[in-house]
Structure formats: structure tokens, C-alpha cells
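Below is one structure, written out as C-alpha cells; comments come after it.
The values are calculated or read from the model by the stated rules, or taken from the named source; none is laboratory data. What you see is a predicted model; the values in this text were computed from it and never measured. Here Cβ is always computed from backbone atoms with ideal geometry, including for glycine, and neighbour counts include all displayed protein chains. Note: accessible area is taken over every heavy atom of the protein model, side chains too, but ligands, DNA and RNA are not part of it. Shrake-Rupley method; radii C 1.70, N 1.55, O 1.52, S 1.80 Å.
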Amino acid sequence: MKKLLITLIACATAVTAASAHAFLDHAAPKVGSTVHGTPSQVKIWYTEKLILPFSTVKVTDASGAEVDK
């Protein structure tokens with residue numbers, strides 16, 4: 001019984017928290033930057049793989065209107 005309790009405590013303390021969200025790592029052009037003219041592409045890197053049906057990206061102009069395709 002004592003060995004079982006020690007094993008359960010060891011397993012419980014060894015568990016690490018799983019991350020449930022991907023976060024923006026960096027982008028090109030940089031987030032919040034202003035570009036002159038239309039960039040041919042926007043590249044975005046995240047901290048982990050995205051689940052596409054649950055992910056969105058919005059590219060806007062200075063007035064807030066969406067300009068992405």
C-alpha cells in the first residue's frame with residue numbers, strides 16, 4: 001500500500017501542464033507595422049501547430065477594413 005501511494009504521488013508530480021493554445025511567435029511584416037503598397041504575402045509563425053477549423057487571421061488596412069483574400 002505504501003509503495004502504491006509513493007508511486008501515485010511520484011506520477012502526479014511528474015505530470016506537466018499541456019498547452020491548449022498556439023500563440024503568435026512572429027510575423028512578416030511585423031504585427032502592428034505599416035507597409036507602403038501591397039505586400040505579396042504575409043507570413044505568420046506560431047508557437048505550435050494550428051487546428052485550422054478553429055483558427056483565423058485578419059489582415060486590415062489603416063481604416064480597419066479587411067484586405068486579405
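Structural remarks
- Qualifying residues in the stretch 22-38 (those that are within 14 Å of the chain's Cα centre (by Cα) and open to solvent by less than 60 Å² (accessible area, probe 1.4 Å)) - the one modelled with the highest pLDDT: ALA27
- Screening THR13, THR7 for residues that are over 28 Å from SER63 (Cβ atoms), open to solvent by 100 Å² or more (accessible area, probe 1.4 Å), at pLDDT below 65 and not in a strand (DSSP E or B) leaves exactly one candidate, THR13.
- The set of residues in the stretch 49-66 being open to solvent by 70 Å² or more (accessible area, probe 1.4 Å) and in contact (Cβ under 8 Å) with a residue 12 or more places away in the chain consists of LYS49, VAL57, ALA62.
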